Amino acid sequence: MKSARIKRGLLFVVRWIRNLLLAFFMLSLLAVILYKFVPVYYTPLMLSRSMEQKSWVKHEWVPLSDISPHLVQAVVASEDNLFLEHNGFDFKQIEIAKQEAEQGKRLRGASTISQQTAKNVFLTSHRSWIRKGLEVYFTVLIEWIWGKERIMEVYLNSIEMGDGIFGAQAVAEVHFLTTADRLTVAQSALIAASLPNPRRFNSGHPSAYLLKRQAEITSLMSKIKPVIFPTPP
């Protein structure tokens, strides 16, 4: 009798976990499908920054067609120059980062634009192995469902580009008194240079280090292939 109760209890737990996982899969899939068509107005990080600052962050969604192609070129050159070629993960950069860490060098990120987008839109900034696993899961989903053009559009609208400043339109207005579609090569390179730490590096008032990175990114922009998204069938 006791053995039967234990079996029923275990079966209940297994079913509960199964249903929980199934519900998570269905809800996450629905969210990814929804965001393929609906602008992403809020992200967990935006909410976190708003709570810190006790005021809503600066953010305005604009379509990719209203964002300067110079900024697209700049972020690909600086953050992920194989963006159009990989399936969401740059395993070569991951291996390089791993080797550098083993050699005691400064830790650096190897996340692609797709991974950063998945993290920004669906997850918190808290670091853990569970979050990293979820980042991989959502990266696979957005690569499969969204495609590269939509990933870039969401990335340039959701990423933090200054202290409490999110997206291309907001940073263009606050730091350069212009709009996202009018950003120049120089301004785009400055924004891209600030992305590793936009709360520390201000693209509107660049430090000597940021100007150096701007020059490097501007050079890279001319060396990589132009970012042209495939026309949907």
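Readers should treat all values here as calculations from the given coordinates under stated rules, not as data from a laboratory. These numbers come from a predicted model, not from an experiment. Reconstructed Cβ throughout: ideal geometry from the backbone, glycine too, with neighbour counts over all protein chains shown.
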query = Taking the Cα atoms only, what angle lies between the long axis of helix 2-35 and the longest principal axis of the chain, rounded to 10 degrees?
reply = 30 degrees
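Please give the FRET efficiency for K212 paired with L29, using the beta carbon to beta carbon distance and R0 = 41 Å, rounded to the nearest 0.05. Mind showing how you got there, number by number?
Details: r = 43 Å, r/R0 = 1.06.
So, using R0 = 41 Å, E works out to roughly 0.40.
Given the rule -39500 (n - 2.57) for each run of at least 4 DSSP H residues, summed and divided by the residues of the chain, what is its mean residue ellipticity at 222 nm, to the nearest 500 deg cm²/dmol? Before the final figure, lay out the partial values.
Numbers: 10 runs with 140 residues, N = 233.
Counting only the DSSP helices, I get -19500 deg cm²/dmol.
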note = Tilt, helix 185-194 to longest principal axis of the chain (alpha-carbon atoms), in degrees rounded to tens, equals 40 degrees
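Tell me the net charge near A180. Cut-off is 10 Å between Cβ atoms, A180 excluded, with +1 for each Lys or Arg and -1 for each Asp or Glu. Walk me through the intermediate numbers first.
Details: positive: R182; negative: E60, D66, E173, D181.
Net local charge, A180 excluded: -3.
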message = Relative contact order for the chain: what percent, with Cα pairs under 8 Å and sequence separation of 6 or more?
response = 25 percent
ask   = Which residue fluctuates the most in the chain, going by a Gaussian network model with Cα springs under 10 Å, if the choices are W16, W144, W56?
value = W16
note = Simple spin-label estimate for R199/D66, 7 Å along Cα→Cβ, in nm, reads 2.8 nm
message = Taking every pair of distinct Cα atoms and averaging 1/r, then inverting, what Kirkwood hydrodynamic radius in Å comes out for the chain?
response = 19.3 Å
